[in-house]
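Data block below; observations after.
The values are calculated or read from the model by the stated rules, or taken from the named source; none is laboratory data. Since this is a predicted model, take the numbers as computed values, not measurements. Methodologically, a virtual Cβ is constructed for each residue, glycine included, from the backbone with ideal geometry; neighbour enumeration extends over all protein chains shown. To get the accessible areas, we keep the full protein, side chains included, count just its heavy atoms, and leave off ligands, DNA and RNA. Shrake-Rupley method; radii C 1.70, N 1.55, O 1.52, S 1.80 Å.
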Amino acid sequence: MGSERITLLSSREIDKMRRAGSLAAQLLNHLAPMVKPGVSTLEINDEAEKWTQAHGAVSAPLGYGPKNNPFPKSICTSVNEVVCHGIPNAKQILKEGDIINIDVTPIVDGYHGDTSRTFFVGTPSPTAQKLVEVTKECLERGIAAVKPGNRIGDIGAAIQEYAEANGFSVVRDFVGHGVSHIFHTAPQIPHYGRAGKGKKLKPGMVFTIEPMINEGTWEAIMLDDGWTAVTKDGKLSAQFEHTIAVTKDGVQILTLLD
Ligand code: MF3
Ligand code: CO
Ligand code: CO
């Protein structure tokens, strides 16, 4: 992923990305009302798979990854201390006060729409509320740093500055990524870093920005399932993700409703 060349997408390809992205946003809107105490993460997964198929799309996460341990479900559901790539499970029942990130990636006409949001289950603790609000603002500030001539490091610097000013930390082990007909490709987009560093942004680049922001330490550990990443200290982690395109004079978010 790191050393490949960065592909610039044509406006026709970006239109297709926008169609996939819009379906992804619609899917999150469709799932949002299910986020309630008593619902299992598997029920959310199964509704996502059914809805995706009914809309003629394919769930990219299902079967993605290494042949000896492919991701087994259609979406990622990352609850509380789970940083990312949580696997939906019938035994995982949402309870009052939880936070849950739902990350969806439908493939439409060969192109991927990759987006996620963190939802509250019932009423959040003040800390959870602040973490989720700061994380959402981190994504917005990261997106605002995107325009031709700016550099990849400008994105991470904007995110890191705001997260740390609010007493939180930025996950290092997972980054944003180029996305097109390929799910994960160059460039890598760290959510930390130094302004003015890294490759220059050019019109036609399409990638995700998906900051994972932690209440405590930024360090993450991987569970034995080979997918679920959790915070090392067991404290909360939140995430928001959009797929964006660099345009002639700025940025366009591709994972919005049309
Ligand atoms: N949607 C995730 C991302 O933002 C990737 C999930 S890969 C999976 O990049 F296999 F875990 F689903
Ligand atoms: Co995603
Ligand atoms: Co992504």
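Scanning the stretch 193-223 for residues that are crowded, with 21+ Cβ neighbours inside 10 Å, touching a residue at least 60 places away in the same chain (Cβ under 8 Å) and more than 21 Å from Ile102 (Cα to Cα) returns Met205, Val206. Can you tell me which residue in the stretch 89-129 is farthest from Ala229 (Cα to Cα), limited to those that are aliphatic (A, V, I, L, M) and within 16 Å of ligand 1 (Cβ to nearest atom)? Out of the qualifying residues, it is Val108. Among the residues of the stretch 191-220, the ones that are more than 16 Å from ligand 1 (Cβ to nearest atom) and β-branched (Val, Ile, Thr) come to 1 in all. Residues of the stretch 97-114 that are of a type in the set (A, V, I, L, M) and open to solvent by 10 Å² or more (accessible area, probe 1.4 Å): Ile107, Val108. Given the condition at positive phi, exposed (fewer than 13 other Cβ atoms within 10 Å of the Cβ) and assigned to a loop (DSSP other than H, G, I, E, B), answer yes or no: does some residue in the stretch 8-25 qualify? Taking every residue of the stretch 8-25 in turn, none turns out to be at positive phi, exposed (fewer than 13 other Cβ atoms within 10 Å of the Cβ) and assigned to a loop (DSSP other than H, G, I, E, B). For the stretch 26-69, the set of residues classified as of a type in the set (A, V, I, L, M) and part of a strand (DSSP E or B) consists of Val58 only. Set side by side, the residues Asp249, Asp258 differ, and just one is away from ligand 3 (no atom under 15 Å from the Cβ), closer than 26 Å to Leu28 by Cβ, among the acidic types (Asp, Glu) and part of a loop (DSSP other than H, G, I, E, B), which is Asp258. Among the residues of the stretch 85-108, the one identified as at positive phi and either within 16 Å of ligand 2 (Cβ to nearest atom) or not in a loop (DSSP other than H, G, I, E, B) (or both) is His85.
Return yes or no: is Ser78 polar (S, T, N, Q), within 16 Å of ligand 3 (Cβ to nearest atom) and farther than 27 Å from Trp218 by Cβ? In short, no.
The rows are residues; the columns are (1) crowded, with 17+ Cβ neighbours inside 10 Å; (2) touching a helix residue (DSSP H, G or I) at 6+ places or on another chain (Cβ under 7 Å).
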residue	(1), (2)
Ala32	no, no
Lys36	no, no
Thr41	yes, no
Thr52	yes, yes
Pro61	yes, no
Ser74	yes, yes
Val83	yes, no
Lys95	no, no
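Listed by first and then second residue, the pairs linking a residue in the stretch 43-63 that is over 12 Å from Leu23 (Cα atoms) to a residue that is away from ligand 2 (no atom under 16 Å from the Cβ) and open to solvent by less than 80 Å² (accessible area, probe 1.4 Å), with Cβ atoms under 6 Å apart and 6 or more places separating them unless they lie on different chains, are Ile44/Met34; Gly63/Pro70. Is it true that some residue in the stretch 115-130 is in contact with a Phe, Trp or Tyr (Cβ under 6 Å, 6 or more places away or on another chain), open to solvent by 10 Å² or more (accessible area, probe 1.4 Å) and under 16 Å from Leu27 (Cα atoms)? Yes, the stretch 115-130 has at least one match.
Tell me, which residue of the stretch 231-250 that is more than 15 Å from ligand 2 (Cβ to nearest atom) and surrounded by 21 or more Cβ atoms within 10 Å (Cβ to Cβ) is nearest to Thr115 (Cα to Cα)? Going through the qualifying residues, I end up with Ala245.
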